[in-house]
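What follows is one structure encoded as structure tokens, with my remarks underneath.
The values are calculated or read from the model by the stated rules, or taken from the named source; none is laboratory data. These numbers come from a predicted model, not from an experiment. Glycine gets a Cβ as well: all are built from the backbone with ideal geometry, and neighbour counts include every protein chain shown.
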Amino acid sequence: MTMLHVAGTTRTRTPRPVAQAATLGKVMATPQVPLLLVLSKRFVTPLYRATFLASAASYGVLRWMNVRPCDLETLALKLGVQGKEDKRRLRAWLEIGVRLGEFDKHEGCYRLKSRSAKLLARMKHDALAAALEEIMHTHVPVLLNGPKMLRTGERFSMADQDGSVIARSTRVVEPLVEAAIDRTLEREYPVRLLEIGCGSGVYVRYAASVNPRLTALAIDLQDEVARQAAKNIAEWGLTDRVEVRAGDLRTLDLEPQFDLVTMHNNIYYFAPDERVAILERARRLLAPGGKLLLTTSCKGGHIGLDMLNLWFEYADFGGPLPAESDLVDQMTEAGFLDAHAQRIVPGEQFRAFVGTNPHAPLS
Ligand SMILES: C[S@@+](CC[C@H](N)C(=O)[O-])C[C@H]1O[C@@H](n2cnc3c(N)ncnc32)[C@H](O)[C@@H]1O
């Protein structure tokens, strides 16, 4: 039995014979016990709960249990767990979910119990479930390993991010990006759009719904992300208007034919000293008079954004979220006219940056 276990159980103990009461008194008088009680309640249990929910969301367990309660055999089948021993291990994992109050068990079937589990299980809250996964897979490792990584010189790479999770989690800012598109996208005339770093493709879909004559090329650096985006575009019935390719903005070789280039939530995938060059590349893909719409959270936001910054500090690519004035200056340096930032909603460090490609070629 660990001290943490003692701390977690002592409060609910019923009076016992004198000897046991004396032992209990002694244990409780140990200076660590009050601290352990606080740690257990305020930090450890919430951490277990968040980790369990992230895992249950990640493997689809929440979604299946949202449809109907599931018994062990059903969950084992869906998860591809075979053999008696591994099914026993799966049961142990599920029972921790029950112990934590996320699930309960009724007539041999596991059901969602906590409000958080029920909310995260709904498709409409998928971005939040993915954000929780992202926190576990990126924010927790950088907090845990940061000092060691400085000693060993190890850095995170793109492979340490799960592109498909990030493509889903970034949708937490969907209403803000959509508002930025509403403000910038031409509706009266056909528009040729290039979206760089398209993720799931949701913003191309939105732009296509705002302007029914819009056609688009959507690219993403990561093959698996581009494949999923292409699948989504097909499911949304947009293949005749939207082409998806895997591609890197830094090496993209296309005619300057686009009326609008969009970059949503990815400027921090480029190091600060690379940003003028990549903005210039984006500009050179625009037709004369075409516009860049770039959306991003900026410096000075909530703790989650600081954690994103921290992760990129420890990565071998990218950099911190931009300061608003720095990015406007970089766009101007990259040759955009009238580069400016727009606040989308008060109190949020989320901005839309817009600039225009000059009509006459720059010397
Ligand atoms: C945080 S995700 C944002 C996805 C999407 N734009 C959204 O807002 O939901 C950033 C995306 O940019 C892509 N990306 C990063 N660097 C890129 C590059 N050099 N060229 C093209 N895509 C890039 C990543 O692969 C990733 O899918």
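Residues that are out of contact with any Ser or Thr (no Cβ under 7 Å at 6 or more places or on another chain), at pLDDT 95 or above and not in a helix (DSSP H, G or I) within region 292-314 comprise Leu292, Leu294, Thr295, Thr296, Ser297, Cys298, Tyr314, listed in sequence order.
Gly289 meets all of the listed conditions (1) of a type in the set (Gly, Ala, Ser); (2) modelled with pLDDT under 95; (3) outside any helix (DSSP H, G or I) but one, namely (2).
Please find, within region 170-197, the residue that is farthest from the chain's Cα centre (by Cα) out of those that are near the ligand (Cβ under 6 Å from one of its atoms) and not in a helix (DSSP H, G or I). The qualifying residue farthest from the chain's Cα centre (by Cα) is Ile196. Restricting the first residue to region 261-285 and requiring it to be over 17 Å from Asp316 (Cβ atoms) and near the ligand (Cβ under 9 Å from one of its atoms), which pairs with a second residue that is in a helix (DSSP H, G or I) and β-branched (Val, Ile, Thr) meet a Cβ separation below 6 Å and a spacing of at least six or different chains? Sorted first by the residue in region 261-285, then by its partner, the pairs are His264/Val177; Asn265/Thr170. Across region 18-32, the number of residues qualifying as surrounded by 11 or more Cβ atoms within 10 Å (Cβ to Cβ) and under 47 Å from the mean Cα position of the chain (by Cα) comes to 5. Quick check: is even one residue across region 68-83 closer than 21 Å to Val140 by Cβ and buried (at least 17 other Cβ atoms within 10 Å of the Cβ)? Scanning region 68-83, I find no residue that is closer than 21 Å to Val140 by Cβ and buried (at least 17 other Cβ atoms within 10 Å of the Cβ), so the answer is no. Scanning region 222-248 for residues that are within 9 Å of the ligand (Cβ to nearest atom) and in contact with a Leu (Cβ under 8 Å, 6 or more places away or on another chain) turns up Ala246, Gly247, Asp248. Restricting Tyr206, Tyr189 to residues that are of a type in the set (Phe, Trp, Tyr), in the same structural domain as His264 (by TED's automatic domain parsing) and within 18 Å of Leu238 (Cβ to Cβ) narrows the list to Tyr206. Out of (1) assigned to a helix (DSSP H, G or I); (2) more than 17 Å from the chain's Cα centre (by Cα); (3) over 16 Å from His264 (Cβ atoms); (4) free of Cβ contacts under 8 Å to residues at least 60 places away in the same chain, the odd one out for Glu134 is which? It fails just one condition, (2). Only one entry in Glu324, Glu348, Glu333 is charged (D, E, K, R), at pLDDT below 95 and over 14 Å from Leu286 (Cβ atoms), namely Glu348. Candidates Ser325, Ser297: the one that is within 24 Å of Asp182 (Cα to Cα), without any contact (Cβ under 8 Å) to a residue 24 or more places away in the chain and of a type outside the set (D, E, K, R) is Ser325. Listed by first and then second residue, the pairs linking a residue in region 241-252 that is assigned by TED's automatic domain parsing to the domain that holds Glu274 and under 21 Å from Lys231 (Cα atoms) to a residue that is of a type in the set (Asp, Glu) and more than 6 Å from the ligand (Cβ to nearest atom), with Cβ atoms under 7 Å apart and 6 or more places separating them unless they lie on different chains, are Ala246/Asp223.
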